[in-house]
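Below you'll find the structure, written out as structure tokens, and then a few comments.
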Amino acid sequence: MSPSRRERGSIAALALLAFAAASAAAQSPASTQAPSPPQATSAIPTPPPLLTKAYGRTVVEVQTARAVPGGVFPILIRGGRWASANTLLDGRRGAIALENGKLFGLIPVALDTEPAEHKLSLFFPGGRRTGGSVSLMVPVSAVSRPTRPRALPPEVLASAATQTALGHGRFLLAAIRTRDLKAYQSGPLRPPVDGPVVFPFGGTEDYGMEMGPVKDGLMGEHHRGVDYDVPVGTTVKAPGSGIILLARSLIFSGETVVIGHGRGLVSVLSHLTHVSVREGDVVNIGTAVGTSGKTGIGALTPHLCFSVYLHSLNVDPEALMDPGLWPAAK
Ligand SMILES: [Zn+2]
């Protein structure tokens, strides 16, 4: 018995969703209707910018200006004797490490986080005598993001459901999850191209169909990057210093470059026409890594999609471009 048309459709849809989740791929507006602009900053009801909590002689500082679903917040620990700490926010792990003599880290806020107060726990290494832990409540503010239609042709759905495509998705995910890199980047990321943002991170992708309750840890029907409207052939620059973790052609995201920046931060540049770096190359911020295009079945028009993952969680690249988050940059 072959599967019914409806079953095939739902299999394809599930496969697409799983793949899209793994791929961090760019997608372009399917209509000429302009998406509404991002409202990330205007929707934040001015929370206290800096939370502090004393822990013995140690002071924990948390900046909340970008603590929104899909955002990040920095932690700085003053007066501690530790060189690192692990963090836990809603069961998701993060880490902080010494940065210019300060214990510093960026903590991702998952896109599906409810706007409310969330418990952040820090665990300092060491046994009973030298280790320790402290918790504080961090307010996560609501944010409004636009929706765009994603009318993917049936042949795109079919190719996204192939074993090869799913394998590519897992391959990309493995690169995104690379851990324990040295800290290559110590300041805000830069836009990889000079061009206007046409669709922001986190916007809803309306596929016009039920995509199913797929739980893959990276969300489903939300835009995984920032889309820049640039013509084919535009120079794409490394948004931060790092090591090339992946540089090859994938079915959904096309010619793809993944850069590991250290501290759990990874960039993905999708739909390139040409890639000029190799896996293992070390690049500086601003180094050309290729040229933009519309390769991969996820690209309906020429553009550059720039995605960022922090400790394997997909977060807003524009948040990482905020110099205020990085004490080393001040
Ligand atoms: Zn995109």
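Once the Cβ-Cβ distance between residue 59 and residue 194 is put in as r, and R0 is 45 Å, what FRET efficiency do you end up with, to the nearest 0.05? Calculated value: 0.65.
For residue 121, neighbours were defined as the other residues whose beta-carbon sits under 13 Å from its Cβ, and their charges (Lys and Arg +1, Asp and Glu -1) total +3.
Bridgeable aspartates and glutamates around residue 294 (alpha carbons under 15 Å apart, same-chain partners fewer than 8 residues away excluded): 227, 229, 255.
Scoring 102-112, 123-133 by mean Cβ neighbours within 10 Å over their residues and listing the highest first yields 102-112, 123-133. The simple spin-label model puts a point 7 Å past each Cα toward its Cβ; for residue 179 and residue 78 those points are separated by 3.1 nm. Between residue 164 and residue 112, what is the spin-label point distance in nm, taking each point 7 Å from the Cα along the Cα→C-beta axis? So the label points at residue 164 and residue 112 sit 3.1 nm apart.
Net length available on complete extension from residue 235 to residue 102 is 44.3 nm, with 0.36 nm assigned per residue and the Cα-Cα distance removed. Put simply, when 250-262, 67-79 are sorted by average Cβ atoms within 10 angstrom per residue, most first, you get 250-262, 67-79.
A short reminder: the numbers here are calculations on the coordinates, not readings from a lab. Given the structure is predicted, the values throughout are model-derived calculations rather than measurements. Positions of Cβ are generated from backbone atoms using ideal geometry, with glycine treated the same way; all protein chains shown enter the neighbour counts.
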